[in-house]
Structures are given as C-alpha cells and as structure tokens.
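See below for the structure under consideration.
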Amino acid sequence: MKPMDSSNKSSDTREDLAAERLSIERHLGLNRPRAVITEEIREAIASVTRGAMFERGGLCMGCKLKPMPGHYFVAQEYDPDREDLRGALAAALEEFNLQPICADDFIWQGHVLCKVSALIQSTPFGIYELSERQNRNVYLELGIAIGLCRPFVLVKEKGADLSPLCEGLEYYPINSYLELRYEFGQKMQPLLAEIARYQPPLSPDPASRNSVIISHGGIDVADFVLTVARELKSRGLTAVITSDPTNKLTNYLKAERIPHYIIGDSGQTRLNETVAAIKAARLGVYRIEKSAAPDAFITLGVAMALNRTGILIHRSGSELPSDLKGINALEFTSHTVLQQSFPEEFGRALSR
C-alpha cells in the first residue's frame with residue numbers, strides 16, 4: 001500500500017478548517033462587508049426605537065445608539081474567572097476581526113441598564129454566561145436581548161441549572177474556561193455555529209389587553225399573588241401568573257372567584273407563552289429581589305425591552321441585582337402594608 005502523502009493530509013485539514021470558517025461566517029453574517037453589517041444594525045436600531053425601551057416613555061428614552069459591528073456583547077459573572085471566558089472568546093473570534101465588549105469597559109452617563117441595553121442593541125450578537133450562581137443581571141440582560149430580538153449565544157457552566165424559560169434554547173456547555181482558552185479551535189467553533197435567533201410569537205390585538213402579568217419570582221408566592229390579584233379583580237382585569245410552584249394558586253384564586261391564567265399549560269414553549277403574555281398584557285407586576293428566581297429576570301428583561309413593564313416591587317431592605325439599583329420600585333414591609341399601598345400605585349401605573 002502506498003503511504004499517505006503528508007502534504008495532501010495537511011492540505012485536506014486546511015481545506016476543512018477553511019470550509020468550517022466560511023460556514024461560521026455565513027451563520028453569523030460575518031461574510032458580508034462591514035458596511036452591510038453596520039447598515040443591518042442601524043436598521044434594527046431604527047425599528048426598535050418605534051416600539052421599545054428606547055422610545056418616548058421607555059426606560060432608556062433618548063439613549064443614543066451607534067452601530068458597533070466590530071464588537072460582540074458579553075454578559076457574565078463578575079468573578080475571578082471572568083477573564084478566562086473573555087480570553088477564550090477573544091481568541092476564538094479574533095480571526096473574524098471581532099472584539100468582546102462589556103458594560104464596564106467604558107464610562108456612561110446614565111443608568112447602567114441603559115448602557116447594557118445599548119450594547120445589546122448595537123452589536124451583531126451577544127454571548128451570555130449561565131453560571132452556577134445564576135447571576136440575575138445576566139438573566140435580566142438575556143431577557144432584554146430576547147425582547148429586542150437580538151441574536152445571542154448561551155454558554156453554560158458545568159453544574160449550572162438551566163432555568164425553565166431557557167429550556168429548548170441552544171447552549172454550549174463549558175467544563176473549563178482554561179480548556180477553552182487552549183482548545184478554542186475545537187471547542188468554540190461549534191458554539192458559534194449554534195447562535196440563537198429567537199423568533200417571538202406574533203403580537204396580539206391591542207384591543208384585547210385586559211390582563212396583567214404577575215411575576216412573583218418564587219417569593220411568598222400565595223400571599224403576594226393574592227394581594228395583587230384581588231386588586232386586578234376589582235378593576236375587571238385578569239391575572240396572568242408566570243408559574244405556580246406551590247400547585248395551590250388555582251385553588252386559592254378560584255375560592256375568591258378571581259379571573260386568572262397560569263402560564264405553562266398552552267402547549268407552547270414556556271418562553272413563547274411568556275413573551276406572548278407580556279405583549280398582550282396592559283402591564284406587569286414584578287418582584288425584583290436578588291433572591292427571586294432567574295426566570296423572573298428574563299421575564300422582566302423582555303418587558304423592559306418592549307416598554308411594557310409596569311410596577312417593580314421588593315420588600316424593604318432586600319438586596320437587588322446591581323442592574324436594577326436606582327430603578328423606581330414600590331417597597332413594602334409586609335403584605336398587609338402592600339395591600340394598603342398597592343391600589344394607589346397600580347392606579348398610577350394604569351394611567352401612564
């Protein structure tokens with residue numbers, strides 16, 4: 001048997017790598033001229049300002065957006081390991097002339113959440129780290145990306161739980177950031193090929209908006225939901241509840257004859273149903289304590305992106321995610337106090 005020509009083998013390997021690179025470029029849209037990518041981002045910016053968080057009345061009203069085609073946004077845990085992920089990503093994407101950018105890379109005049117949202121909207125895509133500690137800022141930022149319909153890649157740490165709203169989304173598992181740094185050629189390129197492009201459900205008829213989202217975050221579920229839902233009933237509105245971890249909410253609500261719907265029984269993915277419910281609702285009521293479940297922050301991020309937030313609520317003295325510090329919110333010391341103060345706050349929210 002004639003021995004294999006090593007030069008041919010090397011040539012085949014180079015051709016395979018070149019083909020893989022072209023496939024990734026096409027998938028990410030990086031095979032187009034930089035001017036075309038810039039124009040696509042500019043068009044996305046122009047369209048989103050007509051119906052989302054950057055328009056009049058939105059959280060980031062008046063925020064100046066500028067296309068950043070040479071960067072990708074990175075949302076991650078702020079811990080000693082953060083440079084390992086960022087270094088691996090930078091090495092993987094260097095050949096595409098892209099650089100990572102994070103919210104702490106530059107000074108911004110305004111709320112940090114608007115700086116983050118501007119980066120999400122202005123870059124070709126974002127990469128979001130799902131860590132074992134389930135960083136609430138990252139989940140909030142992922143929700144904003146989903147609400148703004150911006151492409152994203154999910155990377156999940158070994159041992160990290162996947163929140164229910166992320167089930168069904170593609171993600172890349174990370175066993176070791178150090179391993180990624182040295183083996184990015186093999187490890188990172190499949191990640192890029194799986195970039196997610198979430199397609200939201202169709203928008204509902206605005207005339208049908210007689211519902212209000214209640215996002216309890218898994219905190220004091222029955223007490224909190226009933227307190228809010230009673231007020232909705234008095235105003236002829238239907239409570240749409242993000243989940244029922246107790247499996248008892250329906251019984252309590254039926255006992256008080258409160259119109260309600262609990263997300264999770266429609267046959268759609270939970271994420272699709274949640275996004276559709278946010279679009280259909282008059283507004284939402286959101287628990288924002290750092291101890292709230294990750295899904296609460298994805299839900300809130302989507303609502304913020306769509307400029308359909310409503311009322312943020314937290315118990316006095318509770319710790320909040322850093323992205324939400326300084327945001328207007330209703331504080332309460334007990335559910336009795338909340339029951340007394342909520343009607344007036346809710347009335348103001350409905351009139352806005």
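The values are calculated or read from the model by the stated rules, or taken from the named source; none is laboratory data. Since the model is a prediction, treat every value here as computed from it, not as a measurement. When we count neighbours, we look across all protein chains shown, and the Cβ atoms used for this are built from the backbone with ideal geometry, even at glycine. Keep in mind that these areas ignore ligands, DNA and RNA; they rest on the heavy atoms of the full protein, side chains included. Shrake-Rupley method; radii C 1.70, N 1.55, O 1.52, S 1.80 Å.
Some notes on this structure:
- Residue-count net charge about Arg315 - beta-carbon cut-off 14 Å; Lys, Arg +1, Asp, Glu -1: -3
- Electrostatic bookkeeping for Leu330 treats Lys and Arg as +1 and Asp and Glu as -1; over the other residues with beta carbon under 13 Å from its beta carbon, the sum is -2.
- The convex hull of the Cα atoms of segment 275-352, projected and averaged over all directions, covers 5.3 nm².
- Accessible area expressed per residue, segment 258-346, with surrounding protein chains retained (probe 1.4 Å, Å²): 38 Å²
- Our note on the geometry: Cα centres of segment 315-352 and segment 144-163, 28 Å apart.
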